[in-house]
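Contents: one structure, followed by commentary.
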Amino acid sequence: MTKTWMAESVFAELHQFYSWAEKKLNHRFFYPQSIYRPFLSAEEQNEWMGKTADQALRHYIQEIFLRSRYGHQVNDPFGGLLLKECGYLDVMAFLKAVKNKLLSSHAYVSGRFDEVKLRMELSGIRYDDFIAKKIIFCNGTAIKNSSFGSSVPVRPLKGETLVIETPENLELIYNRGVYMVPMREINTYKVGATYDSKFLTADITSAGREELQNKLYELLNIRFKIISQDWGFRPTTPDRKPILGMLPGNENVVIFNGLGTKGVSLAPYFSGHLLNWLLGEGEIQSEVNINRFKSLFSKSTGAV
Ligand SMILES: Cc1cc2nc3c(=O)[nH]c(=O)nc-3n(C[C@H](O)[C@H](O)[C@H](O)COP(=O)(O)OP(=O)(O)OC[C@H]3O[C@@H](n4cnc5c(N)ncnc54)[C@H](O)[C@@H]3O)c2cc1C
């Protein structure tokens with residue numbers, strides 16, 4: 001519960017971007033909504049009363065409740081914190097709308113990208129019938145299997161989620177230990193997520209299910225039924241910041257990766273940032289510039 005890195009710029013951009021995208025694509029996928037976070041103790045309650053004096057945090061606090069406010073749905077005997085400027089993105093609906101737009105502009109090809117077919121030429125790069133000045137790799141954790149970028153320090157952080165059904169509609173997004181975000185079907189919620197950097201099997205696990213289920217028992221005061229379980233890999237970096245820019249030693253190859261646990265909020269701002277740089281309208285800020293890992297590339301490839 002500290003203010004996230006670059007909150008002002010990143011949140012402002014994401015609200016603007018997804019609202020604009022909804023209009024442009026004529027689809028609904030962005031749902032601004034408050035989040036309620038129950039306090040675990042009287043100490044935490046006091047701590048947050050103190051924090052309201054902090055101007056930087058006050059902007060995100062809608063209300064502080066000192067006694068139970070949503071006890072009919074969640075366990076909140078000490079009250080809780082209602083946060084604003086929150087919400088969720090229906091990622092699948094967003095991606096589908098973007099894909100349809102690109103298809104209608106003949107700018108989308110579906111299929112596995114096969115690196116072996118990529119040719120580096122003097123004028124740029126070639127892939128099948130495509131010729132371009134640059135190629136942008138935004139392949140998440142698959143970058144570690146790529147000959148372009150195997151040195152980029154992106155590590156998988158596995159996460160598991162549940163889909164649950166409740167007997168009634170939840171008033172807000174509740175978040176304590178787990179988040180519960182509405183899905184399209186009535187009274188159905190996505191619950192997440194676990195964090196595992198050690199056991200990286202590409203599958204759901206009973207341990208993941210149990211962890212989420214136990215956290216739900218702690219949070220919820222109403223019954224729930226588990227409908228399904230899912231998993232994924234987050235592309236994380238050693239300093240938890242994205243990695244952007246020209247692959248050292250190969251000026252035709254651009255990397256856009258390392259969005260980690262926050263792709264939904266970071267992507268609008270940093271894709272714009274990358275675009276400006278590609279258009280020659282600014283530098284990539286040092287905190288996210290791939291050059292901060294330059295030593296890794298010189299060691300492994302001698303390219304820099
Ligand atoms: C359980 C879980 C919960 C999360 N919760 C949140 C959250 O609440 N908020 C948030 O902001 N973020 C969340 N994230 C993180 C978010 O999902 C990531 O930050 C985001 O997906 C990163 O986007 P990306 O496009 O860089 O990489 P990815 O989403 O990994 O996409 C890379 C894509 O490249 C494709 N690809 C790779 N190689 C090839 C190839 N050879 N040919 C064709 N395609 C290829 C892959 O199939 C994949 O679709 C969560 C992640 C997980 C796993």
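The values are calculated or read from the model by the stated rules, or taken from the named source; none is laboratory data. Computed from a predicted structure; not experimentally measured. So basically every Cβ, Gly included, is an ideal-geometry build from the backbone, and we count neighbours across all protein chains shown.
Please go through the range 135-182 and give me each residue that is free of Cβ contacts under 8 Å to residues at least 24 places away in the same chain and over 17 Å from Val74 (Cβ atoms), ordered by number.
Of everything in the range 135-182, those that are free of Cβ contacts under 8 Å to residues at least 24 places away in the same chain and over 17 Å from Val74 (Cβ atoms) turn out to be Ala142, Lys144, Asn145.
Yes/no matrix, rows are residues, columns are (1) at pLDDT below 95; (2) of a type in the set (Val, Ile, Thr); (3) over 21 Å from Arg176 (Cα atoms):
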{"position": "Ala12", "(1), (2), (3)": "yes, no, yes"}
{"position": "Gln16", "(1), (2), (3)": "no, no, yes"}
{"position": "Ser19", "(1), (2), (3)": "no, no, yes"}
{"position": "Glu22", "(1), (2), (3)": "no, no, yes"}
{"position": "Arg28", "(1), (2), (3)": "no, no, yes"}
{"position": "Ile35", "(1), (2), (3)": "no, yes, no"}
{"position": "Glu47", "(1), (2), (3)": "yes, no, no"}
{"position": "Gly50", "(1), (2), (3)": "yes, no, no"}
{"position": "Ala53", "(1), (2), (3)": "yes, no, yes"}
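Residues that are within 13 Å of the ligand (Cβ to nearest atom) and under 16 Å from Val154 (Cβ atoms), at least 2 per element: which helices (runs of 4 or more DSSP H) completely within the range 189-304 meet that?
263-278
Can you spot a residue in the range 174-186 that is small (Gly, Ala, Ser) and within 10 Å of the ligand (Cβ to nearest atom)?
So far as the range 174-186 goes, no, none of its residues is small (Gly, Ala, Ser) and within 10 Å of the ligand (Cβ to nearest atom).
Which of (1) over 19 Å from the mean Cα position of the chain (by Cα); (2) surrounded by 13 or more Cβ atoms within 10 Å (Cβ to Cβ); (3) within 28 Å of Thr236 (Cα to Cα); (4) within 12 Å of the ligand (Cβ to nearest atom) does Ile164 not meet, given it meets every other one?
Looking at each condition in turn, Ile164 falls short on (4).
Of Glu251, Glu218, Glu283, Glu211, which residue is surrounded by fewer than 13 Cβ atoms within 10 Å (Cβ to Cβ) and in contact with a strand residue (DSSP E or B) (Cβ under 9 Å, 6 or more places away or on another chain)?
Glu283
Inside the range 64-89, can you point out the residues that are in a strand (DSSP E or B) and touching an Asp or Glu at 6+ places or on another chain (Cβ under 7 Å)?
The one that is in a strand (DSSP E or B) and touching an Asp or Glu at 6+ places or on another chain (Cβ under 7 Å): Leu82.
Going by the conditions given, is Arg37 in contact with a Lys or Arg (Cβ under 8 Å, 6 or more places away or on another chain), within 16 Å of the ligand (Cβ to nearest atom) and either touching a residue at least 12 places away in the same chain (Cβ under 8 Å) or in a loop (DSSP other than H, G, I, E, B) (or both)?
yes
How many residues are of a type outside the set (Phe, Trp, Tyr) and surrounded by 14 or more Cβ atoms within 10 Å (Cβ to Cβ) when one looks only at the range 34-57?
Residues flagged as of a type outside the set (Phe, Trp, Tyr) and surrounded by 14 or more Cβ atoms within 10 Å (Cβ to Cβ) within the range 34-57 amount to 9.
Taking the options His27, His15, name whichever one is in contact (Cβ under 8 Å) with a residue 60 or more places away in the chain and in a helix (DSSP H, G or I).
So the residue among His27, His15 that is in contact (Cβ under 8 Å) with a residue 60 or more places away in the chain and in a helix (DSSP H, G or I) is His15.
Mind checking which residues of the range 54-96 are within 16 Å of the ligand (Cβ to nearest atom) and either at negative phi or polar (S, T, N, Q) (or both)?
Of everything in the range 54-96, those that are within 16 Å of the ligand (Cβ to nearest atom) and either at negative phi or polar (S, T, N, Q) (or both) turn out to be Leu83, Cys86, Tyr88, Leu89, Asp90, Val91, Met92, Ala93, Phe94, Leu95, Lys96.
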